[in-house]
Each structure stands twice: as C-alpha cells, then as structure tokens.
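*Asks:* Here it is, the structure in full.
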Amino acid sequence: MNYKLLIALDVVEFVERLPSRFRKSIRSTFASIGEDPLGSSDATDYDEIGRLLHVTIIGDFALMYWIDDADQHVKILDIHSADR
C-alpha cells in the first residue's frame, strides 16, 4: 500500500542544497519509503512523546520519519549526518 509522504520544509530545503548525485538518491529513498515504510527502515528510535520513529540510512545521511497508519501518511521529519 502506498502512503502519502509529508516532508518537513527544512528537509526539502536541506536536500535541495545538496549536489545532484545526493539529491537523486534521497528522492529515490523518499519513493521507497512511501511504497514500504517498514521495509525501508534501518533502525528505530522514540521521540519525546514516545512516538516510534524510523531511521533510514542513505549514504552519509539519516532520514527520520514516523508512520501515521490511521491517515496512511509517512511524515519525514528530519535529515542529518548519519554519524550523528
């Protein structure tokens, strides 16, 4: 089942500043997450309110997102250096 992706504006702005080779890989990962959010997850964590967050590693970067099953949305919240 495909989920609708909701991507935080600061994530979009960060990705748009990257060289094209990184942008293509990250955009492809966005699509993969939308198609199979659980299958795209490399790790999990919890936010300050206890919500389950998923982490996907893309080369040097880590994407953090949560799955809103009730609305069929995947909310991509953050991207940062994978070693952080």
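The values are calculated or read from the model by the stated rules, or taken from the named source; none is laboratory data. Keep in mind it's a predicted model, so treat the numbers as computed, not measured. Every residue, glycine among them, receives a Cβ derived from its backbone with ideal geometry; neighbour counts consider all protein chains shown. Protein only, heavy atoms only, side chains kept; ligands, DNA and RNA dropped before computing areas. Shrake-Rupley method; radii C 1.70, N 1.55, O 1.52, S 1.80 Å.
*Asks:* Hey, could you check the stretch 39-56 for residues that are at pLDDT 95 or above and touching a helix residue (DSSP H, G or I) at 6+ places or on another chain (Cβ under 9 Å) and say which is nearest to Ser28 (Cα to Cα)?
*Replies:* The qualifying residue nearest to Ser28 (Cα to Cα) is Thr56.
*Asks:* Please indicate, with yes or no, whether at least one residue in the stretch 72-82 is of a type in the set (Asp, Glu) and open to solvent by 60 Å² or more (accessible area, probe 1.4 Å).
*Replies:* no
*Asks:* Right, something else. Scan the stretch 11-25 for residues that are assigned to a helix (DSSP H, G or I) and either in contact (Cβ under 8 Å) with a residue 24 or more places away in the chain or surrounded by 14 or more Cβ atoms within 10 Å (Cβ to Cβ) (or both) and jot them down.
*Replies:* Val11, Phe14, Val15, Phe22, Ser25
*Asks:* Pick out the one residue from Ser32, Ser28, Ser41 that is of a type in the set (Ser, Thr, Tyr) and loosely packed, with under 13 Cβ neighbours inside 10 Å.
*Replies:* That would be Ser28, the only listed residue that is of a type in the set (Ser, Thr, Tyr) and loosely packed, with under 13 Cβ neighbours inside 10 Å.
*Asks:* Hey, among the residues in the stretch 44-62 that are assigned to a strand (DSSP E or B) and without any contact (Cβ under 8 Å) to a residue 12 or more places away in the chain, which one's least open to solvent (accessible area, probe 1.4 Å)?
*Replies:* Per the criteria, the residue is Thr44.
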